[in-house]
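What follows is one structure encoded as structure tokens, with my remarks underneath.
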Amino acid sequence: MKTLLCYGDSNTHGSSPMTPDANWFRYGPDVRWPGRLATLLGDDWHVIEDGLPGRTTCHDNPFDGPHKNGLTHLPVALECHAPIDLIIVMLGTNDLKAHLGLSALDISKGLRALLQRIARSPSGPSGAPPSVLVVAPVPIEETGPSAESLTGGAEKSRRLSNLFASVAAEFGAAFFDAGTVATVSPIDGVHLSPDAHLAIAEAMAKQIESTY
């Protein structure tokens, strides 16, 4: 059985769209895309979810804490779940937050830092690095309770696909653009509906089955 680690943020965690009063819940494992992916891939794969709401590529969060830094936690995840055949990296949405002041290019540099760390990791089979599938997150909309904190983020989010594809190519990683099969919920402009989770899982399953 092969091991697949899904490393992401709230859309990997399965956070529902946030209502105007900032309430949300976590979808069940049969709704979240990693759980649906596990069902689609079947018994040949062990799928591990590691999704943290608010996780960035490589930046501390001054409001919620340094544990939101994806690069800081990555070595723990790699060692904890080794040997890992494939890691899916789906981050970048939280890097769009206005207080970070990052350009789309800066966000792609955060992805590069993650891939550099994975490339040095002995957490794959036989002490080699795991294979990587880079996922460009679904572009956001500036609406709902998070709109102000994401000012300017919608335009940047639409530039991430091409930038992430280029970074993935640098490292010989596979690439998938989640925005080609799903859109964010109009309720909060960031999170995904159950149908979007399913669409992403189905597209990823096809790519994984044809590649690995």
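Tell me whether the stretch 128-143 contains one or more residues that are closer than 30 Å to Ile187 by Cβ, among the hydroxyl-bearing types (Ser, Thr, Tyr) and over 16 Å from the mean Cα position of the chain (by Cα). Checked against the condition, which is being closer than 30 Å to Ile187 by Cβ, among the hydroxyl-bearing types (Ser, Thr, Tyr) and over 16 Å from the mean Cα position of the chain (by Cα), the stretch 128-143 yields at least one hit.
For the stretch 176-194, the set of residues classified as of a type outside the set (A, V, I, L, M, F, W, C) and within 23 Å of Ala22 (Cβ to Cβ) consists of Thr183, Ser185, Pro186, Asp188, Gly189, His191, Ser193, Pro194, listed by residue number. Among the residues that make up the stretch 88-95, is at least one of them within 17 Å of Val184 (Cβ to Cβ), polar (S, T, N, Q), surrounded by 19 or more Cβ atoms within 10 Å (Cβ to Cβ) and in contact with a Leu (Cβ under 7 Å, 6 or more places away or on another chain)? No, every residue in the stretch 88-95 fails to be within 17 Å of Val184 (Cβ to Cβ), polar (S, T, N, Q), surrounded by 19 or more Cβ atoms within 10 Å (Cβ to Cβ) and in contact with a Leu (Cβ under 7 Å, 6 or more places away or on another chain). Picking from residues in the stretch 184-212 that are among the small types (Gly, Ala, Ser) and in contact (Cβ under 8 Å) with a residue 12 or more places away in the chain, the one that is nearest to Arg55 (Cα to Cα) is Gly189.
Answer yes or no: is there a residue in the stretch 92-107 that is in contact with a Phe, Trp or Tyr (Cβ under 9 Å, 6 or more places away or on another chain) and at positive phi. So that I can check it myself, show each step before the final result.
Restricting attention to the stretch 92-107, the residues satisfying the condition of being in contact with a Phe, Trp or Tyr (Cβ under 9 Å, 6 or more places away or on another chain) are 92, 99, 107.
Then keep just the ones that are at positive phi; that gives 92.
Yes.
Quick one: in the stretch 2-26, which of the residues that are in a loop (DSSP other than H, G, I, E, B) and touching a helix residue (DSSP H, G or I) at 6+ places or on another chain (Cβ under 7 Å) is farthest from Val76 (Cα to Cα)? Within the stretch 2-26, the match that is farthest from Val76 (Cα to Cα) is Pro20. Reported count of residues in the stretch 114-163, each being of a type in the set (Val, Ile, Thr), under 22 Å from Leu86 (Cα atoms) and in a loop (DSSP other than H, G, I, E, B), is 1.
Of everything in the stretch 58-100, what is touching a Gly at 6+ places or on another chain (Cβ under 7 Å), assigned to a loop (DSSP other than H, G, I, E, B) and of a type in the set (A, V, I, L, M, F, W, C)? Give them in sequence order. Once the filter is applied, which keeps residues that are touching a Gly at 6+ places or on another chain (Cβ under 7 Å), assigned to a loop (DSSP other than H, G, I, E, B) and of a type in the set (A, V, I, L, M, F, W, C), the stretch 58-100 yields Cys58, Ile84, Leu91.
Evaluating Pro186 against the criteria (1) closer than 19 Å to Lys97 by Cα; (2) surrounded by 14 or more Cβ atoms within 10 Å (Cβ to Cβ) leaves one unmet condition, (2). Here Gly8 qualifies as among the small types (Gly, Ala, Ser) and under 13 Å from the mean Cα position of the chain (by Cα). Just one of the numbered conditions (1) surrounded by 15 or more Cβ atoms within 10 Å (Cβ to Cβ); (2) hydroxyl-bearing (Ser, Thr, Tyr); (3) out of contact with any Asp or Glu (no Cβ under 6 Å at 6 or more places or on another chain) is not true of Thr56; which one? If we test Thr56 against (1) surrounded by 15 or more Cβ atoms within 10 Å (Cβ to Cβ); (2) hydroxyl-bearing (Ser, Thr, Tyr); (3) out of contact with any Asp or Glu (no Cβ under 6 Å at 6 or more places or on another chain), just (3) comes out false.
Only the coordinates and a few stated rules stand behind these numbers; no lab work does. Being a predicted model, the structure only gives us computed values, none of them experimental. With ideal geometry, Cβ positions are generated from the backbone for all residues, glycine too; neighbour counts draw on all protein chains shown.
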